[in-house]
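What follows is a single structure, written as structure tokens, with notes after it.
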Amino acid sequence: MTLSEVGLAVTGHEERERRFRRIFEQEFNYVWTSLRRLGVHSRDLDDVAQDVFVRVYRRLDDNDASRPVRPWLFAFAFRCASDWRRQVRHRVEVALDPDTKATLEPAADATMTIAEERELVRQALQHVPFERRAVVILYEFDELPMKQIAKSLNIGVFTAYSRLRVGRKEFSDAVRRLLAARGER
């Protein structure tokens, strides 16, 4: 290897590191929020997000930089959340789930209302099966086109539309049940 080839290799490595750092810094919150919406428990979010970015780093050269990065990242988040769900199924929990405890500090009514609505959405999403939940999140929250969703989840476009239709119904039914349980309409 010549000295110029070594220089090119180092420059390429540095550029790859900068690209990864930029993706990490700009998209960490998106990945974290996506994992939360996919049902990863708050105590495991940091670990699962780290796993996502380890996988992203390993596959960074496979990413087409000319395309939007979020659908690509969501595919990693989806797979990591799926892996997490399989592992959690075998875990025995003794302590109470802190996500279900009512630990709200006194706050303004508007802030409480927003927090309650977010919690309602989070809980309702948990009632939508995982595969359909991913499509609902990408379409309704991330506002991605269906072709991108289908490609990032490696499913057909018509399958994605079907999952969205059923997932929306399951989500709205879950919202109604949760509100009824609270005594609201």
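Please treat every number below as a calculation from the coordinates, not as lab data. Note that this is a predicted model, so its numbers are computed, not measured. Ideal geometry is used to build each Cβ from the backbone, glycine not excepted, and the neighbour counts take in all protein chains shown.
Treating the beta-carbon of each Lys and Arg as +1 and of each Asp and Glu as -1, no other charges, what is the dipole magnitude of the range 104-185 about its Cα centre, to the nearest 20 debye?
Values: 14 positive and 12 negative charges, 113 e Å.
My answer is approximately 540 debye.
Please give the length that would be gained between Tyr161 and Asp173 if that part of the chain were fully extended, namely 0.36 nm times their separation in residues minus their C-alpha to C-alpha distance (nm, one decimal). Don't skip to the end; give the middle numbers.
On the way: separation 12, 0.36 × 12 = 4.32 nm, distance 1.84 nm.
Fully extending the segment from Tyr161 to Asp173 adds 2.5 nm.
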